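Worksheet: the structure to be examined is printed underneath.
Values in this text are rule-based calculations from the coordinates and carry no lab data. Remember, predicted model here, so these are calculated numbers, not experimental data. We place every Cβ from the backbone using ideal geometry, glycine too, and count neighbours over all the protein chains shown.
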Amino acid sequence: MPRPISLLKPTRRTFMAAGASALAMPAILHSTRAYAQSPTLRVGHVSPRTGPLAGFAEADDYVLDAITKKFAAGIENQGKAWTVEIISKDSQSNPNRAAEVASELILDEEVDIIVAASTPDTVNPVSDQAEANEVPCITTDCPWQPYFFGRNGVPGTGFASTYHFFWGLEDVIAAFLDLWGKTGVAKSVGGLFPNDADGNAWGDAERGFPKPLAEAGYSLVDPGRYQPLTDDLSAQISAFRAANCEIITGNMIPPDFATFWAQAAQQGFAPKVVTIGKALLFPSVIESLGDRGNGLSSEIWWTPDHPFSSSLTGESARDLANGYTKATGRPWTQPIGFKHALFEVVANVIGRAADLDDSAAIVAAIAETRLPTIVGTVDWSTGPINNVTKTPLVAGQWQKDGEVFALKITANASAPDIPLTGETKLL
């Protein structure tokens with residue numbers, strides 16, 4: 001999304017330099033923290049704690065508490081232990097609010113690194129503020145195309161201060177095709193794409209679903225973009241019924257999918273496969289649908305069955321998921337792994353940076369990262385485009401096991417090292 005112009009202030013470095021010149025302050029007042037007994041590095045964190053994207057931040061308290069305890073002893077850099085302070089703010093699932101709190105973290109709290117997660121609505125405005133103010137930034141939980149092209153990134157040029165790790169649209173398309181190919185259903189697909197950064201990327205004629213689906217022999221019925229939080233998707237349902245769509249796909253926030261699924265039942269529309277990004281990631285959403293949640297499918301970023309461990313704590317994916325469930329009484333959720341991995345990368349960068357008082361040195365350390373994490377290897381030298389590196393992606397289905405829903409990995413052609421845990425069943 002475009003940068004909120006009202007928030008693009010002079011960079012912190014420029015502002016401080018101008019202030020020092022104007023006031024003619026003695027240089028000693030601007031000495032670096034490297035001379036302090038226990039220097040502190042501040043990390044800003046932005047995620048959607050409230051609003052329709054709050055499911056992405058459900059595990060924030062658990063992860064941040066564990067990371068804060070892990071960082072309590074400090075992180076060593078160049079022979080000195082640095083205190084690390086994390087300051088977290090809620091984007092309220094609103095891009096403008098995300099930009100506002102990012103600006104507060106950068107200009108008021110003077111964070112040295114900023115991190116963010118959870119869809120383009122959070123990741124992009126935070127990254128834009130960091131880029132404008134020359135603050136090192138690491139983000140995740142957003143396909144790389146809406147992150148890069150949604151911020152007007154230029155291939156071959158990229159960005160100066162902002163880096164991202166996650167999978168791309170090519171990966172989710174491949175995972176969905178792998179899942180659908182095992183079902184034997186007709187290759188007629190209905191697309192539900194909202195008028196937001198994700199929906200516009202997924203439905204884009206060149207970079208999104210239409211071209212790869214056509215190449216794989218699927219017909220895609222796309223009735224056009226709908227407005228998020230709409231209360232009527234009957235026009236889309238009518239179009240899908242008229243085309244005899246046996247597969248429904250798209251990228252939706254949970255309230256929009258609940259609207260679609262309820263109205264589909266009311267209108268007697270019963271597709272055989274429903275594979276939706278974003279909305280169907282979370283156990284709480286599936287449970288809220290009752291029996292009609294059984295058999296729904298989605299992309300899978302991370303599970304306890306992923307064969308990765310934390311570079312920071314040594315925990316396996318299962319250890320991290322079980323720890324969350326034991327502490328909260330709630331089922332694990334996919335963003336846990338990526339939120340933890342964000343701080344794995346932060347800790348690694350802090351330990352390697354040549355000069356933590358120099359933002360350029362921190363950015364250089366980010367770019368040079370080669371780190372096995374709990375979500376896979378983060379290595380910006382292997383990215384598909386500037387400032388981006390990818391993590392593996394599979395797909396699967398929610399299946400009821402007694403009274404509990406379990407997310408089964410049923411398609412792993414693109415990442416065979418992640419084991420299958422079930423087979424896809426028709427609705």
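Some notes on this structure:
- Among the listed pairs Lys80/Lys390; Lys211/Lys400; Lys211/Lys339; Lys278/Lys390, those with a Cα-Cα distance over 23 Å are Lys80/Lys390; Lys211/Lys400; Lys211/Lys339.
- Choice from Thr410, Thr382, Thr157 with maximal GNM fluctuation in the chain (Cα, 10 Å cutoff): Thr157
- Relative contact order [Cα under 8 Å, 6+ residues apart], region 47-137, whole percent: 29
- A Stokes-Einstein calculation at 4 °C with viscosity 1.567 mPa s, built on the Kirkwood radius of the chain over Cα pairs, returns a diffusion coefficient of 58 µm²/s.
- Whole-number percent relative contact order across the chain, with pairs defined as alpha carbons under 8 Å at least 6 apart: 15
- The chain - share of DSSP beta bridges that are antiparallel (%, nearest 5): 35
- Among Pro372, Pro335, Pro416: highest mean-square fluctuation, GNM of the chain, C-alpha pairs under 10 Å: Pro416
- Under the simplified labelling scheme, the Lys80-Glu423 pair shows an inter-label distance of 6.2 nm, with each label point 7 Å from Cα along Cα→Cβ.
- Each label point was placed 7 Å from the Cα along the Cα-to-Cβ direction; for Ala73 and Thr157 their separation is 4.6 nm.
- Per residue, the chain reaches -10000 deg cm²/dmol at 222 nm when only DSSP H runs of four or more residues are counted, each adding -39500 (n - 2.57).
- In plain terms, the chain from Arg330 to Ala216 could stretch by 37.1 nm, reckoned as 0.36 nm per residue minus the Cα-Cα distance.
- Highest-fluctuation residue, Asp198, Asp171, Asp65 considered, GNM on the chain with Cα pairs under 10 Å: Asp65
- Over all other residues within a Cβ to Cβ distance under 12 Å of Phe308, the charged ones net out to -4, with Lys and Arg as +1 and Asp and Glu as -1.
- Taking other Cβ atoms within 10 Å as a rough exposure proxy, Ile366, Ile385 sort from fewest to most as Ile385, Ile366.
- Region 157-231, relative contact order in percent, only Cα pairs under 8 angstrom and at least six apart counted: 34
- Electrostatic tally near Phe166: other residues with Cβ closer than 10 Å to its Cβ, Lys and Arg +1, Asp and Glu -1, net -1.
- Counted over region 213-271 with a bin width of 10 Å, the fraction of Cα pairs per bin, in whole percents, is 21, 57, 21, 2.
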